[in-house]
1. Just name the residue that is modelled with the lowest pLDDT out of those in the stretch 104-152 that are of a type in the set (V, I, T) and outside any loop (DSSP other than H, G, I, E, B).
2. Select from the stretch 57-83 the residues that are more than 29 Å from R12 (Cα to Cα) and not β-branched (V, I, T) and list them in ascending order.
3. Hey, could you check the stretch 79-107 for residues that are exposed (fewer than 13 other Cβ atoms within 10 Å of the Cβ) and charged (D, E, K, R) and say which is farthest from P144 (Cα to Cα)?
4. Give the stretch 24-36 a look and list any residue that's at pLDDT 75 or above and either closer than 15 Å to L86 by Cβ or surrounded by fewer than 14 Cβ atoms within 10 Å (Cβ to Cβ) (or both), or say none.
5. Would you confirm, using the coordinates I've provided, whether E45 is free of Cβ contacts under 8 Å to residues at least 60 places away in the same chain, farther than 18 Å from P144 by Cα and among the charged types (D, E, K, R)?
6. Is it the case, given these coordinates, that V20 is of a type in the set (V, I, T), in contact with a strand residue (DSSP E or B) (Cβ under 7 Å, 6 or more places away or on another chain), in contact (Cβ under 8 Å) with a residue 24 or more places away in the chain and within 30 Å of G151 (Cα to Cα)?
7. Restricting the stretch 153-162 to residues that are modelled with pLDDT under 95, of a type outside the set (A, V, I, L, M, F, W, C) and within 23 Å of G96 (Cβ to Cβ), which is surrounded by the fewest Cβ atoms within 10 Å (Cβ to Cβ)?
8. For Y100, state whether it is of a type outside the set (D, E, K, R) and modelled with pLDDT of 85 or more.
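The values are calculated or read from the model by the stated rules, or taken from the named source; none is laboratory data. Predicted model only: the values in this text are computed from it and were never measured. Cβ placement follows ideal geometry from the backbone for every residue including glycine, while neighbour counts extend to all protein chains displayed.
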Amino acid sequence: MTDPLAPLHVFRFEVAFHEVLVDGDRPLGEVPLCRGAFSECSGLEATMEPRVIRAGGVNRGAFQRVGPVSYGTVILKRGITSNRDLWTWWDLVSGGKYAYRLKATITLYDTGMTSGSAPPESERGQPVWSWALHHCLPVKFKAPDLMAKGGDVGIEEIHLAHEGLELLDSQGGAR
């Protein structure tokens, strides 16, 4: 059992995309579309802008109330492969077709280390944190920079706008 207060390593994670099936307002389930290992994920953030209320006759300061919440753009980066799923999604949305929105689940796994021993590479570890991004929409696609004199792996990136960040429990449900 790992110490719940020990800092977590953030290098073992995966991203999965799902289509959410609905009938009117009733969700019917999710269809997994693709998942992948990304080298970088940034922008998992939510910001609440407090509403400031100044009351007459109260000189000790303003009251702070809950205000609107906004979500950061999530940026995913990975080494480019022959798989074109991200480009196809971007092309569908940016080409004026139906704004195809997906649910993305980002799962952080533990390192699987117990008493200082490293896990076998084939083990993914146990999920520690999972976040769901609702109604994701690709807002930017960036192809890798091409350089004839370099030997680096090309990195593609996709930027996702979304309508909600939710922390999930270990079974994939809302906390």
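1. Filtering the stretch 104-152 down to residues of a type in the set (V, I, T) leaves 105-107, 111, 114, 128, 139.
This time we only want the ones that are outside any loop (DSSP other than H, G, I, E, B), so: 105-107, 114, 128, 139.
Values: T105: 95, I106: 94, T107: 92, T114: 50, V128: 89, V139: 94.
Filtering first and then ranking leaves T114.
2. G57, N59, R60, G61, A62, F63, Q64, R65, G67, P68
3. Looking at residues that are exposed (fewer than 13 other Cβ atoms within 10 Å of the Cβ) and charged (D, E, K, R), I get K97.
4. Listed by number, the residues that qualify are D25, R26, L28, G29, V31, P32, L33, C34, R35, G36.
5. no
6. So V20 does not fit the description; no.
7. The qualifying residue surrounded by the fewest Cβ atoms within 10 Å (Cβ to Cβ) is E156.
8. When the stated conditions are applied, Y100 does not pass them.
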